[in-house]
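The values are calculated or read from the model by the stated rules, or taken from the named source; none is laboratory data. On a predicted model such as this, the values are computed, not experimentally measured, just so you know. All Cβ positions, glycine included, derive from the backbone under ideal geometry; neighbour counts span all protein chains shown. When the accessible area is computed, the model is the full protein with side chains, heavy atoms only, and any ligands, DNA or RNA have been set aside. Shrake-Rupley method; radii C 1.70, N 1.55, O 1.52, S 1.80 Å.
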Amino acid sequence: MAADPERHDVLIVGAGFSGLYLLHRLRQRGLRAHIVDRAPSGGGTWYWNRYPGCRCDVESMTYSYSFDEELEQEWSWSTRYADQPEILRYLNHVADRFDLRGDIQLETTVTAAQWDEDASLWRVTTNRGAVTARWFVMATGCLSVPNTPRFAGLDRFEGAWYHTAAWPDGGVDFTGQRVGIIGTGSTAIQTIPQVAAQAEHLTVFQRTPNFSIPAWNGPMDPAAEAARKAVYRETRTTARRGPTGDIWPESTSTALAVSAEEREAEYERRWHQGSFSFLSAFDDITTDDTANETAAEFVRNKIRATVTDPAVAELLCPYDHPLGTKRLCVDTDYYTTFNRPNVTLVDIKDAPIEEITESGLITGGTEYAFDSLIFATGFDSMTGALLAVDIRGRDGQSLRDLWAEGPHSYLGLTVHGFPNLFTMTGPGSPSVLSNMMTSIEQHVEWVDECIGHLTDQQQTTIEATADAQADWDQHVHDEAYATLYPRAASWYMGANIPGKPRVFLPYIGGVGKYTEICADVAANGYRGFVVA
Ligand code: NA7
């Protein structure tokens, strides 16, 4: 006879930033919460993405937990933007500090989850057996299912190949090797300078150039760190109320309202601040073509001034999308890397990769030979990890079927027909358009309070209504189409995955506004939900 399934109050899938904090909150509430994760270690995206150069491109003093003041004060980041090993150390420290490990089960993959109407609970199937839980939380991250394009012949390749999001644990030594890299997104932009410094030769295959802003990374200045720690509470509040979940000042003027000199001066100032602050230089950059073009041309001029070969510089200049509508990249030495004699840029826009051969790949009728090939080809973003599990709600309805033409959700957190399911930083929430840490903490706190409310009221289920969901879908769409974002063939639009529906996935209305809406929903008796 099969053993009874293990019973939990809350089952959380994913031991990344969001899963760990949610586990901590729910345990404090006295609930039996449990995390499962397919990885052999906690850390989520920061476990899997171990490629050379991997680091956060939001400042670490902002991209860190704010929920515990002692943790906040005691932890010191060594650089302005922490690298992957340091972020993983931080997550491990958090797991130990809050004694979370006893409720985390690793190397456990959830394959299916079914709502049991009679028992009002989720029946979850994993590779290690069955589990039940009253509440089921997918804390699986927005970028956790790697996209590996199905190039013909990949299995023939006699060299080694790697996807950046599944990098070997001990690293890879490219010394003396001819290396090819496919992709020029945020990941590749971090990887390319590192691999170029090690390999004998690096060939970069670029389908679409991206806009990249310098990080100006460097060791943490102790005085700056102390100054920030002194006002940590205020800065966290600023992050939560603002549109981006970060703390840089938003512009109050438009690019077209100021003189060309003032505009350039502001772009120059933001360029030297580094990172995503550039996008906030003027408040019409993401909504007005002409304004956007002034920012885009500023960055193109920086590329032209940096890359010594004018033909290579021009190839690196993006023209096919407004600046920011594909995720802005943040780099250290990306453009200067193309001045190295051992780096070649190959434009594959009009000559897609035809096939992988035993020794390399063919594009435009030319064969390139490599010892190693790197896929920096991104992710099935936002919906990939949610749909990797066969989730079935009321009457056996499949989430995969419901989302076949694009996701539907209420607040990006819940789905009609799927009671007691929460999708942390899911499609329809600010997530990837914000500092993820701010959005994660907001979601964790909202879900924790929601579950707390239900248990206090001795209620067992919460479910979004069809009307509330339809209104939210429309609001997410309207906010997106008031901007230039849907113009780009981006992973925000699902455009990077062949066959994926083209729907703008994140909520672009801003973190502060979104947080207020969520708080208002809760304060009004969970408006738009049926609580039973
Ligand atoms: P991205 O931003 O999706 O970048 C993937 C890159 O790979 C991008 O340059 C793609 O070109 C390229 N790509 C994808 N498929 C192909 C094929 N079939 N042929 C050639 N080139 C291809 O992923 P990242 O990992 O860089 O970044 C994702 C996020 O992770 C990042 O924004 C951070 O939030 C963390 P395309 O632009 O589609 O033409």
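Worth a mention:
- Under 5 Å, built H, 5+ apart or other chain: amide partners of residue 417: 464
- Cα shape, the range 1-62, gyration tensor, a/c 1.5 rule: oblate
- Where the Cα pairs of the range 40-112 fall when distances are cut into 10 Å bins, in %: 17, 47, 29, 6, 0
- Ordering of 224-230, 113-119, 186-192 by packing is 186-192, 113-119, 224-230, highest average first (other Cβ atoms within 10 Å, averaged per residue).
- For the range 75-135, the Kirkwood hydrodynamic radius comes to 14.5 Å, computed from all pairs of different C-alpha atoms.
- If you plug the beta carbon distance of residue 304 and residue 262 into 1/(1 + (r/R0)^6) with R0 = 22 Å, you get a FRET efficiency near 0.50.
- Carbon and sulfur %, accessible surface of the chain computed with the full protein complex present, 1.4 Å: 49 percent
- Among the lysines of the chain, pairs that are 8 or more positions apart or on different chains and have alpha carbons within less than 30 Å of each other number 8.
- Inter-probe distance in nm under a simple model that places probes 7 Å from Cα toward Cβ, at residue 398 and residue 519: 4.1 nm
- The ratio of the alpha-carbon radius of gyration of the range 113-235 to the globular-protein estimate 2.2 N^0.38 Å is 1.64.
- Globularity ratio of the range 51-178, using Cα Rg and 2.2 N^0.38 Å: 1.43
- Per residue accessible area in Å² of the range 242-291, where ligands, DNA and RNA are left out and the probe is 1.4 Å: 45 Å²
- Take every DSSP beta bridge whose two residues both sit in the chain; close to 40 percent of them are antiparallel.
- Spread over its residues, the convex hull of the C-alpha atoms of the chain is 157 Å³ per residue.
- Paramagnetic reach from residue 109 (point 7 Å along Cα→Cβ, amide N under 16 Å) across the range 36-59: 36-41, 48
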